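The values are calculated or read from the model by the stated rules, or taken from the named source; none is laboratory data. Just so it is clear, the structure is predicted and the values come from calculations on it, not from any experiment. Note that each Cβ is placed from the backbone with ideal geometry, even for glycine, and that neighbours are counted across all protein chains shown. All accessible areas refer to the heavy atoms of the entire protein, side chains included, with ligands and DNA or RNA removed. Shrake-Rupley method; radii C 1.70, N 1.55, O 1.52, S 1.80 Å.
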Amino acid sequence: MSKKIFSGVQPTGNLHLGNYLGAIKNFVDLNNDNDNECIFCVVDLHAITTKQNPKELKNNIRETVATFVASGIDPKKSIIFNQSRVSAHSEGAWILSCVARMGWLNRMTQFKEKAGKDKEKASIGLYSYPVLMAADILLYDATHVPVGDDQKQHLELCRDIAQKFNNDFEVDNFLQVPEPLIQKDFSRIMSLKDGSKKMSKSELSDFSRINLTDDRDQIMNKIKKAKTDPLPMPQDIKELDERLEAKNLLGIYSSLTNSTLKDSVEIFAGKNFSEFKEILADQLINKIEPISQEIKKLLGDKKYLDKILLDGVEKANLIASKKIERIKEIVGFL
Ligand code: AQP
């Protein structure tokens with residue numbers, strides 16, 4: 001069955017293995033299926049919900065496009081564009097923020113995590129971020145949204161907003177209620193320094209993540225230093241509940257080799273972590289090094305990257321401007 005795919009990545013720098021295994025790898029598979037219509041958005045409006053250096057933001061937008069292409073997304077097959085250049089996203093977000101309820105947003109765990117203890121100082125944008133995300137998706141009638149596990153709650157909110165809009169304005173099925181596409185296993189890659197924390201771009205220590213621009217030596221070094229425990233490798237999958245770092249590293253290995261966690265546990269049962277880490281580093285280098293080299297090459301051709309965005313904006317605008325016009329009519333604007 002053909003699918004309409006929409007997903008976004010924030011250009012906040014340091015794109016990492018979690019972004020790749022949790023989301024971008026899935027984007028590539030969906031892009032390769034000729035039945036699908038795919039739209040991949042560099043969500044720069046989302047990025048500014050936390051403070052960004054304007055010069056770095058520009059570079060990060062291009063780096064995100066370079067990462068998409070280097071990972072295998074074909075800009076001739078999929079639309080790749082920057083969110084801020086399609087004004088329907090901001091307009092849609094406002095209208096939908098009048099549909100979404102405070103109570104729904106108050107439940108969003110990502111806001112609580114990102115705002116931390118000092119909620120009063122968080123931007124309003126950070127709070128209403130999931131409403132903008134809903135607008136992003138609903139403007140394109142996306143049927144499926146590939147995301148990492150951390151975005152599941154936001155997707156549920158998007159579905160609630162679509163249903164409430166359709167009910168409030170009595171327009172059955174006008175806003176397509178999208179399905180999340182979340183990898184079944186290893187949908188959340190954890191920090192290399194703490195198996196209970198998500199691998200993330202904003203974590204201060206670079207040793208917590210494998211960046212998609214890391215070279216062979218950096219990958220090797222980071223895996224060597226990745227946190228483990230003093231015991232030999234787990235003998236049984238049940239042990240992983242208590243051994244989060246081992247679980248994460250075995251999960252990464254399984255995801256890279258398309259094997260099950262159970263099989264990976266069996267292969268390395270009772271061995272030393274150092275032996276396993278060497279094999280894991282090799283797998284990572286095989287996967288990440290070609291992407292990293294291609295990103296660096298593409299970043300040398302800014303004109304090419306900007307052209308991809310320009311073409312993408314034109315195509316995205318055609319779709320989104322029609323939808324936002326219909327939304328305005330339905331709401332009752334003249
Ligand atoms: N650790 C992760 N494991 C699996 N998937 C992940 N994603 C992010 N981190 C992991 C998925 O990557 C896609 C793009 O993410 P984003 O750019 O929207 O930003 P994010 O989720 O806020 O990523 P970070 O790294 O956690 O950034 P910061 O540090 O700025 O908060 C999404 O589909 C996401 O699920």
Exercise. Kindly express, to the nearest 10 degrees and within the range 0 to 90, the angle between helix 273-299's C-alpha long axis and the longest C-alpha principal axis of the chain.
Key: 40
Exercise. With everything on Cα atoms, drop me the angle between helix 54-71 and the longest principal axis of the chain, reported from 0 to 90° to the nearest 10.
Key: 70
Exercise. Could you tell me how many degrees, from 0 to 90 and to the nearest 10, lie between the Cα long axis of helix 152-168 and the main elongation axis, the longest principal axis, of the Cα atoms of the chain?
Key: 20
Quiz item: Using a Gaussian network for the chain with springs between C-alpha atoms less than 10 Å apart, which of these wobbles most: G22, G300, G103?
Solution: G103
Quiz item: Each residue of the stretch 72-82 in turn: what ³J(HN,Hα) in whole Hz from Karplus with 6.51, -1.76, 1.60 and θ = phi - 60°, glycine and Pro shown as x?
Solution: x, 7, 8, x, 7, 9, 10, 7, 10, 8, 9
Quiz prompt | Relative contact order of the chain, defined on C-alpha pairs under 8 angstrom at six or more residues apart (%) | solution = 23
Quiz item: How big is the stretch 206-297 by Rg and Dmax over its Cα atoms, in Å?
Solution: 13.4, 44
Quiz item: If you average the sequence gap of Cα pairs under 8 Å that are 6 or more apart and divide by the length of the stretch 103-215, what percent do you get for the contact order?
Solution: 21
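Probe of 1.4 angstrom, ligands and nucleic acids ignored: what's the accessible area per residue over the chain, in square angstrom?
Working: 16760 Å² over 334 residues.
The answer is 50 Å² per residue.
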Self-check item: Table column - 3J(HN,Hα) (Hz), the stretch 132-147, Karplus curve with 6.51, -1.76, 1.60, x for Gly and Pro
Solution: 4, 4, 5, 4, 3, 6, 6, 5, 10, 6, 4, 8, 9, 10, x, 9
Quiz item: Roughly what % antiparallel, to the nearest 5, for the DSSP beta bridges in the chain?
Solution: 10
Self-check item: log10 of Debye I(q)/I(0), alpha-carbon scatterers only, for the chain at 0.15 Å⁻¹
Solution: -1.28
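Mind ordering 30-41, 235-246 by average Cβ neighbours within 10 Å, highest first? Walk me through the intermediate numbers first.
Details: 30-41: 18.2, 235-246: 14.7.
Sorting 30-41, 235-246 by mean packing, highest first, produces 30-41, 235-246.
At 222 nm, what helix-only mean residue ellipticity would the chain give, in deg cm²/dmol to the nearest 500, using -39500 (n - 2.57) for each DSSP H run of four or more? Present the calculation step by step, with values, prior to reporting the outcome.
Values: 13 runs with 173 residues, N = 334.
About -16500 deg cm²/dmol.
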Self-check item: Burial order of peptide ranges 69-77, 86-94 (average beta-carbon count within 10 Å, highest first)
Solution: 86-94, 69-77
Self-check item: Vicinal HN-Hα couplings computed from phi for the stretch 261-271 (Karplus, 6.51 cos²θ - 1.76 cosθ + 1.60; Hz; Gly/Pro x)
Solution: 4, 4, 4, 5, 4, 4, 4, 9, 3, x, 6
Quiz item: Given H placed 1.01 Å from N in the peptide plane, which residues other than close sequence neighbours of L15 have an amide H under 5 Å from its amide H?
Solution: L212
Exercise. Order the peptides 144-156, 215-227 from the highest to the lowest mean number of other Cβ atoms within 10 Å of their residues.
Key: 144-156, 215-227
Quiz item: Considering amide H positions built from the backbone, and no H for Pro or chain starts, which residues 5 or more places from M190, or on another chain, come under 5 Å of its amide H?
Solution: M199
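Give, to the nearest whole percent, the P(r) tail of the stretch 168-249 beyond 20 angstrom, counting all Cα pairs. Could you put the intermediate results ahead of the total?
Numbers: 1662 of 3321 pairs.
For the stretch 168-249, the fraction of Cα-Cα distances above 20 Å is 50 percent.
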Practice problem: Whenever you get a sec, compute what percent of the accessible area on the chain sits on carbon and sulfur atoms (1.4 Å probe). | Solution: 49
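Output the relative contact order of the stretch 206-297, whole-number percent, from Cα pairs under 8 angstrom with separation of 6+ residues. Let's see the in-between values first.
Details: 96 pairs, mean separation 38.9, N = 92.
Value for the stretch 206-297: 42 percent.
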